[in-house]
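The values are calculated or read from the model by the stated rules, or taken from the named source; none is laboratory data. This structure is a prediction, so every number in the text was calculated from the model and none was measured. Cβ placement follows ideal geometry from the backbone for every residue including glycine, while neighbour counts extend to all protein chains displayed. The protein model used for the area step is the full one, side chains on, heavy atoms only, and it has no ligands, DNA or RNA in it. Shrake-Rupley method; radii C 1.70, N 1.55, O 1.52, S 1.80 Å.
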Amino acid sequence: MIRVALKGLLGRKLRAALTAIAIVLGVAMISGTFVLTDTIKAAFSSVFTQAYKNADAVITGKSAIGNNNNNGNGPGTPSLPGSLLARVQALPQVSLAAGAINDQAQLVGHDGKVISRASPGLAFSHTDVGQHFSPLSLTSGTWPSAPGDVDIDAATATKNGFAVGQEIGVIARGPVERFRIVGTVKFAGVSSLGGATLAIFTLPTAQRLFHKQGRYDEIDVAAKRGVAPAALVSAIRPLLPADGQVRTGQAQAQQATKDTSGFLNIIQDFLLAFGGIALFVGSFVIANTLSITIAQRTRELATLRTLGATRRQVRRSVMLEALVIGTAASVVGLFLGLGLARALNALFVSFGIDLPQTGAVFKGRTIVISLVVGILITMLAALRPALRSTRVPPIAAVREGALLPPSRFARFGLSGGLATIAASVALLLIGLLAGGLSTGIRLLAVGVGALALFGGVAMLAPTLVPPLVGVLGRPSRRLGGAAGGLAQGNAARNPARTASTASALMIGLALVTLVGVLAAGLRSRFEDSVNKVFVADYAITATNNFSPISVASAEAVRRVPGVNVVAGVRAGSARVLGSTTNLTAPEPGASRVISVDWTAGNRQTPERLGARGAFVSKDYADAQHLRVGSSVTIETPSGAVLHQTVIGIANPPKGGSPYGSVAISSATFDAAYPNPQNLYTFIDMQGGVSPANTQALTAALSGFPDAKLQTKAQFTRNQEQGLNSLLNLLYVLLSLSIVVSLFGIVNTLVLTVFERTRELGMLRAVGMSRRQVRRMIRHESVITSLLGAALGIPVGVVLALLVGAAIKYPAFTIPVGTLVVFVVAAIFVGVVAAILPARRAGRLNVLEALQYE
Amino acid sequence: MVARELTRRYGEGPTAVEALRGVSLEVTPGELVAIMGPSGSGKSTLMHSLAGLDRPTTGTVDIAGTEITSLSDAKLTLLRRKHIGFVFQFFNLLPMLTAEENVLLPETIAGTRPDRAWLDDLLTRTGIADRRSHRPSELSGGQQQRVAIARALVTRPTIVLADEPTGNLDSKTGGEILDLMRASADDFGQTIVMVTHEARAASIADRILFLADGLIVKQLTEATSAEVLDVMATLQS
Ligand SMILES: Nc1ncnc2c1ncn2[C@@H]1O[C@H](COP(=O)(O)OP(=O)(O)OP(=O)(O)O)[C@@H](O)[C@H]1O
Ligand SMILES: [Mg+2]
């Protein structure tokens, strides 16, 4: 019996392959995600292992606020006093100890622009002693020995046309400085550090550049023979200052790996979610394809029943078929994932997220999860078709044109669909709006609710098909003539089938719509905010729009003639009232270039902060029950503890504000942060925005290639870039599920063509041309995909409304233009899906088709 | 096999059709019974009821001592495996299986080990031994029906039911199939009930039952073709 089922499957290779594609893509996404993130994790782990391979102990500063950057290299981490090195060297257990600077500096290309915008520019110091611990090795030239020397990484040199002997600009804390390249280096163990540029200076130069004269970021220690690293660490610990920490080299590498893997785990979950969506859509496609195949095999299944096959055997043969398809598809998907991992990486790189790479890592876990998930989803999707197959009565073997009895659930479609939708909306409301539930439960409620919503709409769809096809088929009838009219009839002929095909597309389109509507709302809110807040003429931000940049750039423009006000806003993380919070600090004059509403205090409040004042945002004040007069304790990463008093409560617009939850004066900030930086700098000038002013400011900023001067309109556009990138990334990832549903349409059409072979032959015999046949199939396809859009876009809008309500989203905007694009995309999907089936239908031999049974 | 007072009504109310209106018949082992009658007289309905493919509205069918009209689907399936072979007008072969695999399908489904000698004998007698590894699409209509007959015989069922096995074949091929039916009854002692329109059936059947309007109206034994044609003519008028 198993053999019979397998032979049957072999006899329907094309159909089986089409069914499998739906699962292949989803599984490839899952396996690709694992391969990508595992590869990156392995690369990081290798980077850190290399970085600390010769160190038995590593001493670093310790961030006082314990943010997630624990490896002691995060920005804002305190540095170590130089005297510590001598005391460590004096320990009897120590054979060698070297101090080093690890910071960030950017390299400037020949075009005067910062080379690496998305990835950090890393800076190191070089000493001969320290070389024992360094993961870097020379590829050409020499190590830096003079104050004006720098080594850069070989990859950056090649890519940007730099050679030993040439000069290169470097931005550390102040304006750009020029150095002479004396050598190129590479980092051991990895081909790429994720696009990061490297700059290596002599130790004194590095200390000067980063304002760490006489101090170190890291001290690497090697033990004498026979001293265990743990013993060394214990010996060092008593020497440490309060803001220092020591770990064994191995522990340091592990900690550093752990710090990065948190971020990678988020990326992994994020991508897996899209794989899950694709598989969910795939399960619709599989269920539908199997149902159609079973309907077409009614006669065959009935014959088996007359020959003594039990219902169980029939059900098992269908499940076996699903098992085989699911297994084959999962295996193919698993390996396709290897290729997809590269594509995903390329995708991230194109969106500015460049991560280090090593050879692809293919873990056992990847194989197991990919196969189990792929097979399980296929089998689950096959359950209903398999149950239906058992309802084929033996008598169907002798009845011409016998139909599968309607599903037992079919008559509950309308009420069941409505009930499911009601339940799903309730779940979504609970998940999104109800208070007092844990995040896990809320996410579960939202997830199950969304799945149920799609399921409910799919159940309702067969009822909606006839009227919707009547409307959506109108253009086909008008444009396609007789073929279009027939296509409309065909689309409505088997409502359940058309509905389920369209439902798969509905899911992808609903999610795309959700994202598009939310983004439109966010964008309009952001624009409203900028219009309100931005009362300056110009702004300066980092070239990448989001990194804080050196305060020196603000100082540089202060001297430009005609400048009325220059006010920067510092930003840094701090622990406020026990949790890590974004702390900002406006410079004097901020009140004249930034405008927000005040719940308590007034426009002058930022100017009156003084040494002990702070103002907070209204949301933060509400959450923390703060009033004017409340005191707040702020701990900074360097260990400073500030006791401030709330003197005002700002009520910034919802779309964002340059002030974070808590703001103090820039003077107070600068005293507490060793390396203060501005997130934004705003400028007010005589004569406002004018070509002359722009020119003067640009000239003043020429020493700061990492700073970007912008007008209000440019600022808005630049700040929206991040949102647009994210939006495009989401669209690309969601398009995977749309591709799956496209294959669903292909399946249905191919199967329909099989089924209507005789009818197509008849139509050809009475004078329908090949072209008309193709057109008929194409219009049927487009009507189906439009149906998907007609279901999906409203569902997406409803989801956006719910999500918007959850995040208190006043600006609900329907992006009509974007939605029109989605409808056009749906039509495109329909046209593409029809290519293969239409060609098959057009090629049918009239005579054979008429004899086809 | 014994059938008693079979009636079968299709539909409800004024549009209901009485396809069978009280048919009783008894078939003795080894007998070849032909059923004839005008179109719509209820022949197929009778065959389906006898084979347990369809439930009669009233009446009983006993096969090998079991009353089948009240059996559950599962029990009926098992009974069909052992006791009933069915030959269809449209062959109903599985296209992806070879001739031999099609013949063995009932054994495969039942999970029983085929008797090789018996299979070879059967294939030889049905004349498809040299076609055993061909697929149905590579066989002529007559050959396909031979495969179907071999399939019905392979489990040595208590009774073989055939509904117009020659209905889709030309008269020469049809004649050969009729001869094969006769030979099966003679050589294997196979009990067969067969619906046919061919007057030639007269010469091979032990007994001919004539059905009209859902009732057995006449029975002939050892009849000649002329007699059969005569009866058919009166029934049709
Ligand atoms: N599934 C059905 N539903 C309704 N009526 C049916 C059904 N099957 C058969 N009938 C009716 O029952 C009567 C007997 O049909 P049946 O198929 O048994 O005739 P038949 O003798 O086999 O005819 P033929 O020689 O044309 O095959 C006919 O009037 C037919 O229309
Ligand atoms: Mg009939």
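Ranked by solvent-accessible area (1.4 Å probe, protein heavy atoms only, all chains present), the residues A:354, A:217, A:684 order from largest to smallest as A:354, A:684, A:217.
Only the Cβ atoms of Lys and Arg (+1) and of Asp and Glu (-1) were treated as charged; on that basis the dipole of segment A:51-260 about its Cα centre amounts to roughly 300 debye.
Proximity of backbone amide H atoms, modeled 1.01 Å from N, is registered between residue A:126 and A:201, A:202, A:203 at under 5 Å, excluding neighbours fewer than 5 places apart on the same chain. Mean per-residue shielding of peptide A:386-395 is 2, counting Cβ atoms of other chains within 10 Å of each Cβ.
Between the helical axis of A:249-296 and the longest alpha-carbon principal axis of chain A there is an angle of about 10 degrees.
Dipole of the protein assembly as shown computed with +1 at Lys/Arg Cβ and -1 at Asp/Glu Cβ about the Cα centre; of A:526, A:255, A:396, farthest Cα towards the positive end is A:526. Distant-in-sequence amide contacts of residue B:160, defined by a placed amide H-H separation under 5 Å and a gap of 5 or more residues or a different chain, comprise B:85, B:191, B:192, B:193.
Among the trypsin sites (Lys or Arg not before Pro) within segment A:647-721, which fall in a DSSP loop and have no more than 12 other Cβ atoms within 10 Å of their own Cβ?
none
Note on B:91-104: average number of Cβ atoms from other chains within 10 Å of each residue's Cβ is 3.
In straight-distance terms, cross-link reach from residue B:43 covers every one of the lysines whose alpha-carbon lies under 22 Å from its own, apart from those fewer than eight places away in the same chain; here that gives B:218.
Measure up A:258/A:363; A:7/A:363; A:532/A:618 against 26 Å on the Cα-Cα distance and list the ones that go over.
Values: A:258/A:363 18 Å; A:7/A:363 34 Å; A:532/A:618 17 Å.
The answer is A:7/A:363.
Taking the longest Cα principal axis of chain B as reference, the axis of helix B:73-83 is set at about 70 degrees.
Here, P(r) means the percent of Cα pairs in each 5 Å bin from 0 to the largest distance; for segment A:96-160 it is 3, 14, 23, 26, 19, 10, 4, 1, 0. Annotation: amide H-H contacts under 5 Å for residue B:54 (H modelled 1.01 Å from N, sequence separation of 5 or more, or interchain): B:49. Scanning chain A for chymotrypsin sites (Phe, Trp or Tyr not before Pro) that sit in a DSSP loop and have at most 12 other Cβ atoms within 10 Å, the longest stretch containing none of them is A:1-408. Listed values for segment B:87-102 are Karplus-derived 3J(HN,Hα) couplings in whole Hz (6.51 cos²θ - 1.76 cosθ + 1.60, θ = phi - 60°), namely 10, 9, 5, 9, 6, 6, 8, 8, x, 8, 9, 6, 4, 5, 5, 5, and x replaces Gly and Pro.
Toward the positive end of the charge dipole of chain A, with +1 on the Cβ of Lys and Arg and -1 on the Cβ of Asp and Glu, the farthest Cα among A:728, A:539, A:499 is that of A:499.
Just from its helices, what would the mean residue ellipticity at 222 nm be for chain A, if runs of 4 or more DSSP H residues each count -39500 (n - 2.57) and the sum is divided by every residue, rounded to the nearest 500 deg cm²/dmol?
When only DSSP H runs of four or more count, the value is -19000 deg cm²/dmol.
When the Cα atoms of segment A:603-739 are aligned to their principal axes, the ranges along those axes come out at 54, 49, 30 Å in descending order.
Applying 1/(1 + (r/R0)^6) with r as the Cβ-Cβ distance of residue A:598 and residue A:645 and R0 = 22 angstrom yields a FRET efficiency of 0.85. Averaging the Cα positions of each part gives two centres, and for segment A:423-481 and segment A:36-60 these lie 47 Å apart.
Taking 25 °C and 0.890 mPa s as conditions, segment B:1-130 diffuses translationally at an estimated 145 µm²/s according to Stokes-Einstein applied to its Kirkwood radius (Cα pairs).
Relative to the longest principal Cα axis of chain A, at what angle does helix A:413-433 sit, 0 to 90 degrees, rounded to 10? Its long axis makes an angle of about 10 degrees. Cross-link partners of residue A:13 among aspartates and glutamates, defined as those whose alpha carbon lies under 19 angstrom from its own and excluding same-chain residues fewer than eight positions apart: A:300, A:321, A:755, A:853.
In straight Cα distance, which lysines are under 17 Å from residue A:212, not counting same-chain residues fewer than 8 positions off? Within the straight-line cut-off, residue A:212 pairs with A:62.
Ranked by solvent-accessible area (1.4 Å probe, protein heavy atoms only, all chains present), the residues A:559, A:365, B:21, B:156 order from largest to smallest as A:559, B:156, B:21, A:365. Using the Cβ-Cβ distance between residue A:444 and residue A:801 with R0 set to 25 Å, the FRET efficiency works out to roughly 0.75.
Applying a threshold of 27 Å to the alpha-carbon distances of A:41/A:113; A:53/A:224; A:53/A:113 flags A:41/A:113; A:53/A:113 as lying beyond it. Rounded to the nearest Hz, the phi-derived 3J(HN,Hα) couplings of segment A:762-768 under the Karplus curve 6.51 cos²θ - 1.76 cosθ + 1.60 (θ = phi - 60°) are 4, 4, 5, 5, 8, x, 7, where x marks glycine and proline.
Between segment A:766-813 and segment B:75-143, the alpha-carbon centres lie 49 Å apart. For peptide A:310-322, the mean count of partner chain Cβ atoms within 10 Å of a residue's Cβ comes to 1. State the Cα centre-to-centre distance between segment A:97-173 and segment A:542-619 in whole Å. That distance is 33 Å. A simple rule links phi to the HN-Hα coupling: the Karplus curve 6.51 cos²θ - 1.76 cosθ + 1.60 with θ = phi - 60°, which for segment A:386-396 gives 5, 5, 5, 4, 6, 8, 6, x, x, 4, 4 Hz, with x for Gly and Pro.
Two numbers describe the Cα atoms of the protein assembly as shown: Rg and Dmax, which are 40.8, 128 Å.
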